[in-house]
1. Please go through the range 351-383 and write out the chymotrypsin sites (Phe, Trp or Tyr not before Pro) that DSSP classes as loop and that have at most 14 other C-beta atoms within 10 Å.
2. Hey, if we sort 40, 275 by accessible area with the 1.4 Å probe, largest down, what's the order?
3. Looking at the chain only, what percent of DSSP beta bridges run antiparallel? Nearest 5 please.
4. I want to verify a result. In a Gaussian network model of the chain, Cα cutoff 10 Å, which of these has the top mean-square fluctuation: 165, 255, 331?
5. Could you give the dipole magnitude of the chain about its Cα centre, charging the beta-carbon of Lys and Arg +1 and that of Asp and Glu -1, in debye to the nearest 20?
6. Residue by residue, what Karplus-based ³J(HN,Hα) values in Hz, rounded to whole numbers, does the range 104-120 have, using 6.51, -1.76 and 1.60 with θ = phi - 60° and x for Gly and Pro?
7. Over the range 9-86, average the accessible area per residue using a 1.4 Å probe and give it in Å², no decimals.
8. Rank 291, 157, 219 by mean-square fluctuation in a GNM of the chain with C-alpha springs under 10 angstrom and give only the top-ranked residue.
Amino acid sequence: MESPDQTMPRAYVLDDEAEIRAFVCEVLRRNGFHAVQFSTMPSLVEQLAVEPSEVLILDLALGQSDAVEVMQHLERLGYRGKILLISGRDGDILRDIQNIGRSRGLSMLPPLGKPFRAGDLKQRLQANVEMREIAPGGPSKGSTVSIDLAEALHKDWLELWYQPKVDLKSLTICGAEALIRARHPEYGIVAPAGFLPPPNDPLYLPLSSFVIRRAMSDWARFAAGGNPLKLAVNIPVSVISAPGFVNLVRASLPKDPSFRGLLVEVTENEVVQDTELFREIANQLKLYDVWLSIDDFGSAYSTLSRLLDLPFAEVKLDRAFVSNCGQDAMKAVVCQTVIDLAHRFGADVCAEGIEDVEEARALRDRECDIAQGYFFAKPMPADGLLSTMLAPNGPFDEQVHSIRNLDHCRSGTTIKS
Ligand code: C2E
Ligand code: MG
Ligand code: MG
């Protein structure tokens, strides 16, 4: 899937006919949408949990499923975009399905009967969705949106998204990292690179306060659903060492007995600046079941043994070492060294940025404890994480199967699918 221009509204197309999908996407692109096509319902639902769209063009009959089933999922996901039904079936059926969508609280556009012309689709969208005409040749690539953090805080645009962390032994979700996002009224979802200020900026204080409070209130929602996940938040050293940080954490922690503690991720380069300060804070936080984790380990060339002498609960192996570690012998050695040393000091190792089954497998073989990365799931809103954990066949069924399948292939047997 090509990477979207953050400023373009997203449109998803679900149709089992490849020609229709291609045609609709082309019309959408010409009208300023970032269009993504899906041929099956599960792939669409998975993507929606990660990144909702402004509009969804939905065919009634989809081979293995249908529009009613899709709309049931959309209701569960709290989908707020517009839905445009398209079908070659007669008007009565289209109207009935349209009414089912409405009764589920979805925002239904007037449906379109097939065949339709590009102008019909454009007119339907123009009347109902905010669009921008774009120059032939498409939108400019690689533009990053920058917004003002002070404004985002003031106008309540900030959201916490969550990326699941997977226990590599049991291949189940064991926690999640909270990652900040802004939902800009014009640009849509903006990543942290678009608004995080330079280190030591005073705005990190209100940002971190938002992050800790929101993470703990989301934790209560996950716990209420039977998943008291261990969450991790990213907090800069300027905030951790400021007076009042321990009080803020203490006041935000849940009193629930199923609370398994909070991880606070601090980047390696910040830790090395003042290790003694970290020893004191880490020891104090332990009293509240709050543990420090070294983020982006491997990016600041420090000695792990010196860092691990501090009471860290986790080391996060930087993606630079994880990527391709199944093939690259040098990277594999580095990963193994970090894992062995961390274990000797009683810390867990979490590999960041796992993108394929080979990387997951190589780290599992090396007894890495936890994995996080697009291979399992991209960061997603709290509702998306809730629905992922409640997925009918268990979360990451496909990924777990491919890791296990590789186990068996190597030992000479293959799991039947
Ligand atoms: P990080 O803490 O190291 O977070 C991991 C980053 O890697 C996230 O980017 C995540 O989306 C991305 N990532 C996860 N899996 C993969 C993968 O398989 N492949 C690739 N290419 N990337 C992957 P994101 O969310 O854009 O965050 C970037 C950085 O912004 C974070 O790096 C963290 O340093 C900072 N950040 C995020 N949220 C917060 C926050 O709430 N407060 C503060 N102070 N900083 C934050
Ligand atoms: Mg982090
Ligand atoms: Mg990191």
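1. Numbers: sites: 374, 375, 376; in loops: 374, 375, 376.
Sites meeting the loop and neighbour criteria: 374.
2. Working: 40 65, 275 25 Å².
Final ranking, largest accessible area leading: 40, 275.
3. Numbers: 18 of 59 bridges.
Counting only bridges with both partners in the chain, antiparallel ones make up about 30 percent.
4. Comparing 165, 255, 331 in a Gaussian network model of the chain, the most mobile one is 255.
5. Using Cβ point charges on Lys, Arg, Asp and Glu, the chain gives about 700 debye.
6. Karplus-based 3J(HN,Hα) across the range 104-120 equals 8, x, 8, 8, 9, 7, x, x, 10, x, 7, x, 10, 9, 3, x, 5 Hz.
7. Values: 2930 Å² over 78 residues.
Per residue, the range 9-86 has 38 Å² of solvent-accessible surface.
8. Top of the fluctuation ranking is 157.
The values are calculated or read from the model by the stated rules, or taken from the named source; none is laboratory data. Small disclaimer: the values here were computed from a predicted structure and weren't measured. Every residue, glycine among them, receives a Cβ derived from its backbone with ideal geometry; neighbour counts consider all protein chains shown. Just so you know, the surface numbers come from the protein's heavy atoms only, side chains and all, with ligands and any DNA or RNA stripped out. Shrake-Rupley method; radii C 1.70, N 1.55, O 1.52, S 1.80 Å.
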